[in-house]
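Below you'll find the structure, written out as structure tokens, and then a few comments.
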Amino acid sequence: MISKTSESAAAALADVADGATIMIGGFGLAGQPMQLIDALLEQGATDLTVVSNNAGNGDTGLAALIGARRVRKIVCSFPRQTDSHIFDALYRSGGIELELVPQGNLAERIRAAGAGIGAFFTPTGFGTALAEGKETRTIGGRDFVLEHPLFADVALISAYRADRLGNLTYRKTSRNFGPIMAGAAATTVVQVDRVVEAGDLDPEAVVTPGIFVNRIVVTGDRFDREEWADVR
Amino acid sequence: MISKTSESAAAALADVADGATIMIGGFGLAGQPMQLIDALLEQGATDLTVVSNNAGNGDTGLAALIGARRVRKIVCSFPRQTDSHIFDALYRSGGIELELVPQGNLAERIRAAGAGIGAFFTPTGFGTALAEGKETRTIGGRDFVLEHPLFADVALISAYRADRLGNLTYRKTSRNFGPIMAGAAATTVVQVDRVVEAGDLDPEAVVTPGIFVNRIVVTGDRFDREEWADVR
Amino acid sequence: MSAEPSSSTSWTRNEIAARLARDIPDGAYVNLGIGLPTLVSNFLPSDREIILHTENGMLGMGPEAAEGQIDPDLINAGKIPVTELPGASYFHHGDSFGMMRGGHLDVCVLGAFQVSKTGDLANWSTGAPDAIPAVGGAMDLAIGAKQVFVMMELASKKGVSKLVETCTYPLTGLGCVDRLYTDRAVFELSTDGATVIELVGATTIDELQGLTGLELRYRKIPE
Amino acid sequence: MSAEPSSSTSWTRNEIAARLARDIPDGAYVNLGIGLPTLVSNFLPSDREIILHTENGMLGMGPEAAEGQIDPDLINAGKIPVTELPGASYFHHGDSFGMMRGGHLDVCVLGAFQVSKTGDLANWSTGAPDAIPAVGGAMDLAIGAKQVFVMMELASKKGVSKLVETCTYPLTGLGCVDRLYTDRAVFELSTDGATVIELVGATTIDELQGLTGLELRYRKIPE
């Protein structure tokens, strides 16, 4: 019987290699797979390329991974935030490489990797500095830039519920990059509050089918944490 | 207060023009918007281009529309079926034009139209007769064909439930082309069994957000029909 | 809130927001960019149902969450906790930006550093050499709606026009701004250049031409 | 059902299906194309959990619906009513074919008119001038899995080999077939050509070379 549940975050990430490309879900803190990032920090892989919308918040999660000098390069849309001081300092000192991608192109490049698209023409960014050097084409009177897929060795994402087959549901706007990153990585590791019986998730409401998920790490109910006290 | 519910299928389709491009959802009979096709037949628009996976089954629905000589051209992946005799006869006599598209390219071209993608490189069909004359490119050692979006003036689809804002859920494999066609058409008309109160559909389980839906036609519970007797 | 002019020739930010809000029709799907444009949400006419999109994956966004309602899983593009209205839906980033790029939103409202007379937009970078770049969804929003409205003060604090012949800051999008709402006037922008469609208080076309250095047409459009 | 050879040198269709089924590993995501490949579902080892994909938008497809269980909303790619297993999920055609094209399925099983020694596949059209063309998902399935297995009789009813140097029928995909399961032998195909990895009964390499007109290598692969 298939069971994708790992005994721990450490076990789920044991084989992450130095130099790997890691996608990390989340938009700000919503959907950021904190326990998995902590485990990656602990695990020790370095020289990583990270694909993520932001470049870390505060001193925890992705920010801590960057602070530990484990990230050679980050591919993201919005590194600069009020609380991105770890990235900011490292970037200014030349300690981290940045590929800045408009958010929708970032999302579509990730989606393209999962969907077997070789490249696509997008209108976003045409005529701007972020399209410099890229192939362009006018199609039906509109101008487009050619963008290529973004693949990863490992995707770390956060969802709400899983079943043993890896079918996932999310919660509100924490869904963000999870479903598309799950498709773009050779190995997808998801942290969820709880694993339920196969059949307990409504097949109409499964957002990420289990085919995209390799390993599940159970982290316990989010509502037990202080931050969710208001909506417990 | 927004309400997208039309008083009848006839009212919802009153403005379909001759020469229009119409997408019609469904895979075989599952998800085929029968009442809307019947209303289109009644309405009288002709010289239509139809985008649909199949070219009609038996003597009803899309088959009847084709039989009435209202379809100039069909863009589809699988016209020939055991019960596609109306299309078959017309095609053999030169009475209807056919653009044959591999099913996944058909789906992705429809998705591209809704998602603002100008064109995309797909591996499907490379080196085959269905890619003849199309631009090709080798990317990362793999061969791709360039395909362009398919837009429509009107999409006719079938869903299960709607709310007044046009949020939709589907039922099982009748979902098929509905969600992507809803995004690719200037006007999307959906037939549903029932319209429920805004808030009654779980926001996590809405498959087609109302932004893609213009008009709703209520057809009554499918389970009242003979075909669904087994699973009522 | 009141939308009456606070001076005889200029509007406050709230007044700009209120004026813009009146141009959003009933039933519209709207994205209000982060920063200044969020003010518009305070002025949406109560007799219209306007559905707000947030790029991080939601339609039917409600007001900011009050204290005691904070849900870390429910935030807007500015990462501020918000609420959910009946009829809301959630979707992933691929679908959310597809929705934008595909032109399904009726209106996007954005702030700007500069806007050119033909609707070029610069709002993501000042081009300062030591700045840490960040674009987010700016370029997607710029091309991601049937109509793109920009709201800003017409002049910088130093009195330099931000409506210009050609943007000098890095571009966000080309020819993408349809309407520009400022403290001094409302403009329609097109490949033909800028047309004033409303003057604030006693503001004159001559004044605006002096300030912007642009040749401006005037065609009053009734609201 | 029994999978013993029914003659000393050839397998029945059920035997081909049974042999192929044994190569599908536990936990695999599999698409069984319409027609002949659906036989494989009868031979999936009961000690393995294999998840079936149907291109019309479902993972976790169960067996054909029995009488009294027919749901018109629940059909497979062949438009046959099927059932749903616990842990199933539904998705639209864009996502379903993205899943295939993106290489997420472990195995696709297809039928064929012809297969070339380097894995070219012809299974959608005989090229007859008066035929009504129909391709469906054939071309997507041909490139849509980590491994593509084809099952067919090695020779046509007229005794002509369907494993060929170069396909003469219209192609479905280039170099896409990894393994070919036939009534006489199992082949591995690659850019290097065809390798026999299993001979049925007393079948010899010489016989197969005579039938196909191809130079064939032999390398027995233990199951």
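The values are calculated or read from the model by the stated rules, or taken from the named source; none is laboratory data. Just so it is clear, the model here is predicted, and its values are computed rather than measured. Neighbour counts run over all protein chains shown; Cβ positions are idealised from the backbone, glycine included.
Scanning the range B:157-173 for residues that are free of Cβ contacts under 8 Å to residues at least 60 places away in the same chain and aliphatic (A, V, I, L, M) yields B:ALA159, B:LEU168.
Of everything in the range D:121-132, what is crowded, with 23+ Cβ neighbours inside 10 Å, outside any strand (DSSP E or B) and not aromatic (Phe, Trp, Tyr)? Give them in sequence order.
D:ASN123
Every test in (1) surrounded by fewer than 23 Cβ atoms within 10 Å (Cβ to Cβ); (2) within 11 Å of another protein chain (Cβ to nearest Cβ); (3) of a type in the set (A, V, I, L, M, F, W, C); (4) touching a helix residue (DSSP H, G or I) at 6+ places or on another chain (Cβ under 7 Å) is passed by D:LEU36 save one, and that test is (2). Considering only residues in the range D:10-31 that are among the acidic types (Asp, Glu) and in contact with a Lys or Arg (Cβ under 8 Å, 6 or more places away or on another chain), the one that is surrounded by the most Cβ atoms within 10 Å (Cβ to Cβ) turns out to be D:ASP23.
Listed residues C:ALA18, C:ALA66; which is within 19 Å of the chain's Cα centre (by Cα) and either over 30 Å from C:ALA202 (Cβ atoms) or not β-branched (Val, Ile, Thr) (or both)? Can you show your working first?
Numbers: C:ALA66 fails: within 19 Å of the chain's Cα centre (by Cα).
So the residue among C:ALA18, C:ALA66 that is within 19 Å of the chain's Cα centre (by Cα) and either over 30 Å from C:ALA202 (Cβ atoms) or not β-branched (Val, Ile, Thr) (or both) is C:ALA18.
Report yes if A:GLU227 is within 7 Å of another protein chain (Cβ to nearest Cβ), more than 24 Å from A:ALA107 (Cβ to Cβ) and over 21 Å from the mean Cα position of the chain (by Cα), otherwise no. Considered against the rule, which asks whether it is within 7 Å of another protein chain (Cβ to nearest Cβ), more than 24 Å from A:ALA107 (Cβ to Cβ) and over 21 Å from the mean Cα position of the chain (by Cα), A:GLU227 comes out as yes.
Has the range B:110-117 got any residue that is out of contact with any Gly (no Cβ under 9 Å at 6 or more places or on another chain) and either assigned to a helix (DSSP H, G or I) or β-branched (Val, Ile, Thr) (or both)?
We begin by selecting, within the range B:110-117, every residue out of contact with any Gly (no Cβ under 9 Å at 6 or more places or on another chain); these are none.
So far as the range B:110-117 goes, no, none of its residues is out of contact with any Gly (no Cβ under 9 Å at 6 or more places or on another chain) and either assigned to a helix (DSSP H, G or I) or β-branched (Val, Ile, Thr) (or both).
Only a single item in (1) within 14 Å of another protein chain (Cβ to nearest Cβ); (2) out of contact with any Gly (no Cβ under 8 Å at 6 or more places or on another chain); (3) surrounded by fewer than 22 Cβ atoms within 10 Å (Cβ to Cβ) is not met by D:ARG48, and it is number (2). From the list A:ILE110, A:ILE96, the lone residue that is surrounded by 24 or more Cβ atoms within 10 Å (Cβ to Cβ) and either in contact with a strand residue (DSSP E or B) (Cβ under 9 Å, 6 or more places away or on another chain) or at pLDDT below 95 (or both) is A:ILE110.
Among the residues of the range B:169-194, those that are surrounded by fewer than 24 Cβ atoms within 10 Å (Cβ to Cβ) and more than 12 Å from B:GLY31 (Cβ to Cβ) comprise B:THR169, B:ALA186, B:THR187, B:ASP193, B:ARG194. Only residues that are over 24 Å from A:ALA11 (Cβ atoms) and either of a type in the set (S, T, N, Q) or within 7 Å of another protein chain (Cβ to nearest Cβ) (or both) were counted across the range A:149-173, and they come to 3. Among the conditions (1) farther than 20 Å from C:HIS92 by Cβ; (2) within 14 Å of chain D (Cβ to nearest Cβ); (3) of a type in the set (Val, Ile, Thr), A:ILE139 misses just one, which is (2).
Residues of the range D:74-105 that are at the interface with chain A (Cβ under 7 Å from one of its Cβ atoms), on the phi < 0 side of the Ramachandran plot and not in a loop (DSSP other than H, G, I, E, B): D:GLU84, D:PRO86, D:ALA88, D:SER89, D:TYR90, D:GLY98, D:MET99, D:ARG101.
Which of the following residues is charged (D, E, K, R), within 10 Å of another protein chain (Cβ to nearest Cβ), in contact (Cβ under 8 Å) with a residue 12 or more places away in the chain and in contact with a Ser or Thr (Cβ under 9 Å, 6 or more places away or on another chain): C:GLU64, C:GLU15, C:GLU55?
On the way: C:GLU64 fails: within 10 Å of another protein chain (Cβ to nearest Cβ); C:GLU15 fails: within 10 Å of another protein chain (Cβ to nearest Cβ).
Result: C:GLU55 is the single residue among C:GLU64, C:GLU15, C:GLU55 that is charged (D, E, K, R), within 10 Å of another protein chain (Cβ to nearest Cβ), in contact (Cβ under 8 Å) with a residue 12 or more places away in the chain and in contact with a Ser or Thr (Cβ under 9 Å, 6 or more places away or on another chain).
Might you check whether a residue that is on the phi > 0 side of the Ramachandran plot, free of Cβ contacts under 8 Å to residues at least 60 places away in the same chain, within 12 Å of chain A (Cβ to nearest Cβ) and assigned to a loop (DSSP other than H, G, I, E, B) occurs anywhere in the range C:152-175? Within the range C:152-175, one or more residues are on the phi > 0 side of the Ramachandran plot, free of Cβ contacts under 8 Å to residues at least 60 places away in the same chain, within 12 Å of chain A (Cβ to nearest Cβ) and assigned to a loop (DSSP other than H, G, I, E, B).
Per-residue answers, yes or no, for (1) touching a strand residue (DSSP E or B) at 6+ places or on another chain (Cβ under 9 Å); (2) of a type in the set (Val, Ile, Thr); (3) touching a residue at least 40 places away in the same chain (Cβ under 8 Å):
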site	(1), (2), (3)
D:VAL150	yes, yes, yes
D:ARG179	yes, no, yes
D:ARG184	yes, no, yes
D:GLY201	no, no, yes
D:GLY210	no, no, no
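A single entry from B:GLY114, B:GLY95, B:GLY118 fulfils the requirement of being touching a residue at least 12 places away in the same chain (Cβ under 8 Å) and more than 14 Å from chain C (Cβ to nearest Cβ): B:GLY95.
Evaluated against (1) among the acidic types (Asp, Glu); (2) surrounded by 19 or more Cβ atoms within 10 Å (Cβ to Cβ); (3) in contact (Cβ under 8 Å) with a residue 12 or more places away in the chain, C:ASP73 falls short on exactly one condition, (3).
Residue-by-condition table, conditions (1) of a type outside the set (Asp, Glu); (2) without any contact (Cβ under 8 Å) to a residue 24 or more places away in the chain; (3) touching a helix residue (DSSP H, G or I) at 6+ places or on another chain (Cβ under 9 Å):
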position	(1), (2), (3)
B:ASP153	no, no, no
B:ARG175	yes, no, yes
B:ALA186	yes, no, no
B:ASP200	no, no, no
B:PHE212	yes, no, yes
